[in-house]
Amino acid sequence: MTAAMQTGVSAFLARFEGLRAQLPGDPAVRAAAAELLRDAGLPGRREEAWKYTNLRQLAEATFHEPLTRLDDCDALLARLPRLDAPRLVFVDGRFRADLSEVPDGVSFEQFAHTGDFGTLARPERERMVALNTMLAEDGASIAVAEDVDAGLLQLISLASEIAGRTIAFHPRHAVRLARGARLTLLEISLGTGVYLHNPVSELHVAEDATLVHVRLQDESRGAFHVSTAYAEVAAGGTYDSFMLSLGARLARSELHARLAGAGAAVHMNGAQLLSGNQVADITTVVRHDAPGCASRQTVKNVLAGRSRGVFQGRIEVARGAQKTDGYQMNQALLLSPEAEIDCKPELEIFADDVKCSHGATVGELDADQLFYLRSRGVPEAEARAMLVRAFLAEALDAVAHVAAREVLERAVSAWWEREAA
Amino acid sequence: MLEISGLTATIDGKQILNGIDLIVPTGEVHAIMGPNGSGKSTLSYVLSGREGYEVTGGTAQFDGKDLLAMTPEQRAATGLFLAFQYPVELPGVNNANFLRVALNAQRRARGESELDAIQFLKLARAETKRLSMPDDMLKRNVNVGFSGGEKKRNEVLQMAILRPRLAILDETDSGLDIDALKIVADGVNALRGPAFSALVITHYQRLLDHIVPDRVHVLAGGRIIRSGGPELAQELEANGYAGMVAEAA
């Protein structure tokens with residue numbers, strides 16, 4: 001462990017010592033997580049899972065705990081899409097009932113009250129999850145009962161800025177869909193200033209249930225966003241996720257999905273739009289533990305400036321998981337010679353009757369396509385913009401929920417307007 | 001009027017055009033015929049401004065303006081249109097949207113007012129209908145999943161909507177069945193008039209039965225070795241290129 005990773009963790013440990021008596025949940029779980037961090041520090045680049053994403057800047061920053069509630073969130077709230085759907089709003093990681101509307105058909109509790117760490121997260125393997133486990137104060141615990149279609153629910157994270165104060169928050173969310181239930185969860189993270197948003201979510205999809213999980217990571221350009229989600233899908237269930245990552249100076253979205261029952265399906269699509277010095281990392285592990293399951297993944301990257309995109313995708317097929325159908329594709333469009341993509345697909349297959357494929361493409365805009373547009377009179381800059389937007393439009397096609405897709409489309413348009421300016 | 005004089009061009013240092021002299025007066029349709037490798041496609045790309053071709057000598061003027069000094073989009077706005085031999089697929093780009101952006105970009109460059117979405121759609125639907133093309137051609141992504149014939153018809157549709165003053169058709173007949181060939185020819189013939197010129201590049205005489213040219217030029221070894229009336233195409237069809245090329249050498 002480097003000195004920075006050790007120093008980085010010591011401030012968090014000190015904060016834990018100050019807070020531990022007030023934190024919800026089993027103190028033994030938190031103490032174990034603290035022990036892990038004390039021994040191993042924050043994850044470093046010598047570890048395989050963090051080879052391409054360096055947390056050094058995060059380790060060197062000094063984070064404070066959020067201050068008590070900030071009343072004026074109007075500027076942040078104004079940036080949210082106007083949707084006719086209930087929402088759960090967290091500001092600096094803490095639930096704000098006054099800004100939220102709890103939906104019908106969904107039961108909602110705060111982690112601050114339940115202290116329930118759930119069953120899927122693995123702080124012993126993922127140390128940013130250990131950090132969350134040690135310091136989690138609040139979060140949303142959402143449950144949808146059997147055969148209920150709960151429609152669209154927004155889960156909002158806002159990070160406020162108080163001048164000169166760098167905050168860290170570690171929300172702990174859980175979503176439990178009972179047999180045959182349906183929910184579309186639109187998760188939006190945004191904020192101002194410098195902060196660390198380190199959420200951990202666990203997502204339980206029971207038999208024949210469907211969770212559509214659409215995420216928009218539009219954090220402040222000074223922020224660190226490290227999210228880890230664990231999904232478990234029972235027989236006949238579907239977990240359909242899409243991650244649009246365009247904010248933060250450093251973003252890591254890690255998703256572990258386990259296909260636990262026959263005929264389960266997982267879609268883990270996403271897009272990353274980066275510029276300047278941004279680094280964003282989509283890391284996924286899908287584990288096929290049952291026969292006849294399908295996993296699908298397409299991740300598209302548009303990288304400008306000196307930005308760097310990382311995609312690590314692992315498909316594991318257990319011995320009994322015959323007739324597995326796994327597909328993975330990572331595509332990157334490099335808009336500048338200094339932009340970079342690191343792509344690491346991995347297949348680990350222990351069954352003999354499976355179909356797994358993966359692929360990657362990396363390139364600049366196609367010269368033939370550019371000339372074709374220009375030969376029709378479209379000026380070069382406009383032609384480039386059309387081709388980038390076409391690439392992105394194709395990525396968003398994976399989001400079937402119309403209102404959620406429109407939210408992402410607007411975010412992409414706004415990003416492009418900003419970047420092209 | 002298109003006036004090409006002493007035009008030479010190279011690609012990757014290799015000389016392909018060896019001094020082209022050609023005049024296409026306004027209102028005329030000229031055909032350029034020639035064997036494979038004679039420089040036909042190079043000529044069309046050099047005139048439309050594709051990167052990778054280096055003009056090493058000569059001039060090309062359109063209505064007195066220096067074509068070679070313009071960007072591809074400026075040439076388009078001036079009235080030049082290239083119908084591609086291999087039209088390019090644009091996944092994620094809607095055909096109607098593409099055409100509207102292109103038409104309005106040209107109009108803007110010419111100082112004309114832009115068409116709004118409704119005005120454009122009206123125009124596009126009328127042209128689609130006139131060319132006996134299905135409406136859904138406008139809704140699809142540009143050339144994606146189009147058959148060879150559909151791609152060529154889409155080129156003609158673009159030409160009909162963009163209304164160029166000079167069209168270069170680069171082997172537009174290749175890969176077309178007779179019905180598609182007629183649609184393409186009708187599309188070109190419909191534009192013929194005192195203000196429209198075309199350069200029809202083809203290997204075979206077949207297309208010229210439907211688009212009857214005012215003049216036929218034979219390109220070989222990067223030079224025009226013979227020019228004549230439409231009967232020259234018949235002669236080539238009967239005797240092939242070999243004799244004529246040998247004679248010129």
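Couple of notes before you dig in:
- For chain A, a Gaussian network of Cα nodes joined below 10 Å ranks A:218, A:325, A:368 by mean-square fluctuation, and the top entry is A:368.
- Local electrostatic count at residue A:103 - Lys and Arg +1, Asp and Glu -1, tallied over other residues with Cβ under 12 Å: -3
- Of the GluC sites (Glu not before Pro) found in the stretch B:91-192, those in coil by DSSP whose Cβ has at most 15 other Cβ atoms within 10 Å are B:112, B:114.
- Taken residue by residue and averaged, Cβ atoms of other chains lying within 10 Å of the Cβ of B:80-89 number 3.
- Only helices enter this figure: runs of n ≥ 4 DSSP H residues, each worth -39500 (n - 2.57), summed and divided by the residues of chain B, yield -11500 deg cm²/dmol at 222 nm to the nearest 500.
- log₁₀ of I(q)/I(0) at q = 0.16, 0.18, 0.22, 0.33 Å⁻¹ - the stretch B:82-128, Debye sum with one point per alpha carbon: -0.53, -0.65, -0.90, -1.14
- Chain B - percent relative contact order, Cα under 8 Å, separation 6 or more: 28 percent
- Candidates A:316, A:338, A:219, ranked by Gaussian network fluctuation over chain A, Cα under 10 Å, top entry: A:338
- Accessible surface computed residue by residue for the stretch B:75-139, with neighbouring protein chains in place and a 1.4 Å probe, gives 46 Å² per residue.
- Gaussian network model of chain B, Cα within-10 Å springs - most flexible of B:25, B:213, B:134: B:134
- Debye intensity ratio in log₁₀ form over the Cα atoms of the stretch A:337-421, taken at each q of 0.12, 0.13, 0.21, 0.22 Å⁻¹: -0.58, -0.66, -1.14, -1.17
- If R0 is taken as 35 Å, the Cβ-Cβ distance between residue B:113 and residue A:405 corresponds to a FRET efficiency of 0.55.
- Shown here for the stretch A:37-130: GluC sites (Glu not before Pro) in loop regions (DSSP other than H, G, I, E, B) with at most 14 other Cβ atoms within 10 Å, namely A:47, A:124.
- Near residue A:115, once Lys and Arg are set to +1 and Asp and Glu to -1 for all other residues with Cβ below 11 Å from its Cβ, the sum equals -3.
- Per-residue Karplus couplings for the stretch B:72-80, computed as 6.51 cos²θ - 1.76 cosθ + 1.60 with θ equal to phi - 60°, are listed in order as x, 5, 5, 4, 4, 5, 6, x, 8 Hz, Gly and Pro entered as x.
- Gain on full stretching of the segment that runs from residue B:177 to residue B:246 - 0.36 nm per residue minus C-alpha separation: 21.6 nm
- Estimated vicinal HN-Hα couplings, Hz - the stretch A:15-30 in sequence order (Karplus 6.51, -1.76, 1.60; Gly, Pro = x): 5, 4, 4, x, 9, 4, 5, 9, 6, x, x, 5, x, 5, 4, 5
- Residues of the stretch B:6-40 with an amide N closer than 18 Å to a point placed 7 Å from the Cα of residue B:65 along the Cα-to-Cβ direction: B:24-27.
- The distance linking the stretch B:152-181 with the stretch B:24-94 is 14 Å (Cα centroid to Cα centroid, whole angstrom).
- For residue A:332, distant residues with modelled amide H under 5 Å away: A:301, A:361, A:362, A:363
- With N as its number of residues, the stretch B:1-144 has a Cα radius of gyration that, divided by 2.2 N^0.38 Å, comes to 1.20.
- In terms of accessible area, using a 1.4 Å probe and ignoring ligands and nucleic acids, A:293, A:356 rank largest first as A:356, A:293.
- Extended-chain gain in nm, criterion 0.36 nm per residue less alpha-carbon gap, residue A:62 and residue A:352: 99.4 nm
- The Cα center of the stretch A:262-303 and the Cα center of the stretch A:306-370 differ in position by 9 Å.
- Rel. contact order, % - alpha carbon contacts under 8 angstrom, at least six apart, chain A: 9 percent
- Accessible surface of residue B:203 - all protein chains present, 1.4 Å probe, nearest 10 Å²: 40 Å²
- Theoretical ellipticity at 222 nm over chain A - DSSP helices of four or more residues, -39500 (n - 2.57) apiece, nearest 500: -7000 deg cm²/dmol
- All-pairs alpha carbon distance profile, the protein assembly as shown, 10 Å steps from 0, percent: 3, 14, 21, 19, 14, 12, 10, 6, 2, 0, 0
The values are calculated or read from the model by the stated rules, or taken from the named source; none is laboratory data. What you see is a predicted model; the values in this text were computed from it and never measured. Here Cβ is always computed from backbone atoms with ideal geometry, including for glycine, and neighbour counts include all displayed protein chains. Heavy atoms of the whole protein, side chains included, go into the accessibility calculation; ligands, DNA and RNA do not. Shrake-Rupley method; radii C 1.70, N 1.55, O 1.52, S 1.80 Å.
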